[in-house]
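Heads up, the thing below is written out as C-alpha cells.
The values are calculated or read from the model by the stated rules, or taken from the named source; none is laboratory data. All figures in this text were calculated on a predicted structure; none of them were measured in a lab. Ideal geometry is used to build each Cβ from the backbone, glycine not excepted, and the neighbour counts take in all protein chains shown.
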C-alpha cells in the first residue's frame with residue numbers, strides 16, 4: 001500500500017494539501033463521475049469550459065468552507081493578449097461562484113498562449129488582486145520550461161512527462177532547485193500510446209495506472225493529471241496509485257517499454 005507521503009503532497013504555492021492524482025474532467029467522464037472523484041478524495045481539479053466539472057464544483061464552492069479543500073487550476077483557451085487572459089479569469093470566477101482561482105495558467109505556451117508584456121501584466125494583476133493565488137503555464141518546450149523554472153514569476157509548470165518522453169529529467173527537473181515551482185505532469189499515457197503493444201514487443205504492456213505511478217514516483221512531480229472516461233477507469237487508476245511508487249524493476253521495465261513506444 002502507498003504511504004500518505006506518496007499519495008498526498010503539500011502544494012507550496014497555494015498552501016494546500018492535495019491528492020497527487022489530479023482530475024482533468026474533459027475526456028469523457030460525466031458529472032456524476034466528477035462527484036465520485038471528489039468523494040474519493042481527489043481535490044486537484046483541472047477545469048476547462050468544455051469539461052463536466054462545473055456543476056459539481058459550483059455546488060461544492062457554495063458550501064463555503066468546502067472551497068478551501070479544492071485546488072482549482074484553469075486558464076484561458078487562448079492567451080495571446082492581456083484582455084483575453086483577464087476576461088477568462090473573470091468568467092471562471094462567475095461561472096463557478098468562487099472568489100478566487102488557485103492556479104491560473106497560460107495554456108500550451110508558445111502555441112495557444114504568449115509570454116509577453118500584456119499577458120504578464122494581467123497575470124500579475126490577477127494575483128495581486130487576490131483573484132488568483134498562483135500563476136502557471138502548460139508547456140511542451142522543455143528547454144524553455146527549464147529557463148522559466150529558474151527565472152520567472154511562475155509558481156507552477158504543467159509539463160509533458162511520461163515513460164516515452166522522460167526528457168524533463170534532463171531539461172527541467174535540474175532547474176527547479178533555485179525557485180522550487182510546483183510541477184504538474186500530464187500526458188502520462190502519451191495520449192494512450194503507452195497502453196498499446198508496439199511492434200516487436202513481446203513483454204507485458206502497462207496499464208494507465210502504471211503510467212501514473214511512473215510519473216508520481218518522481219520526487220519532482222507534485223501532481224499527475226488523469227483524464228478518465230468513466231468512473232470505472234477512475235477507480236482503476238486510484239487503485240493503481242494505492243500500490244505506491246514503482247519498484248526499481250518496474251521503473252526499468254517502464255523505461256524500456258517507453259523507448260520501444262517512442263521508437
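Restricting attention to segment 72-83, does a residue exist that is more than 17 Å from the chain's Cα centre (by Cα), within 24 Å of residue 34 (Cα to Cα) and crowded, with 20+ Cβ neighbours inside 10 Å? Outline the logic, then answer.
Of the residues in segment 72-83, the ones more than 17 Å from the chain's Cα centre (by Cα) are 78-83.
With within 24 Å of residue 34 (Cα to Cα) added as a condition, the list becomes none.
No, every residue in segment 72-83 fails to be more than 17 Å from the chain's Cα centre (by Cα), within 24 Å of residue 34 (Cα to Cα) and crowded, with 20+ Cβ neighbours inside 10 Å.
Consider segment 127-147. How many of its residues are part of a helix (DSSP H, G or I) and surrounded by fewer than 22 Cβ atoms within 10 Å (Cβ to Cβ)? Walk me through how you get there before you give the answer.
Taking segment 127-147 and keeping what is part of a helix (DSSP H, G or I), we get 127-128, 142-147.
With surrounded by fewer than 22 Cβ atoms within 10 Å (Cβ to Cβ) added as a condition, the list becomes 127-128, 142-144, 146-147.
The total comes to 7.
If we only count strands (runs of 3 or more DSSP E) wholly inside segment 1-71, which ones have 2 or more residues that are surrounded by fewer than 21 Cβ atoms within 10 Å (Cβ to Cβ)?
8-11, 16-19
Quick test for you: out of 195, 154, pick the one residue that is touching a helix residue (DSSP H, G or I) at 6+ places or on another chain (Cβ under 7 Å) and under 24 Å from residue 50 (Cβ atoms). Spell out how you get there, then give the answer.
Values: 154 fails: under 24 Å from residue 50 (Cβ atoms).
After applying the criteria, what remains is 195.
Check residue 87 against each of (1) at pLDDT 95 or above; (2) assigned to a helix (DSSP H, G or I); (3) surrounded by 15 or more Cβ atoms within 10 Å (Cβ to Cβ) and name the one condition it does not meet.
Status for residue 87: all satisfied but (3).
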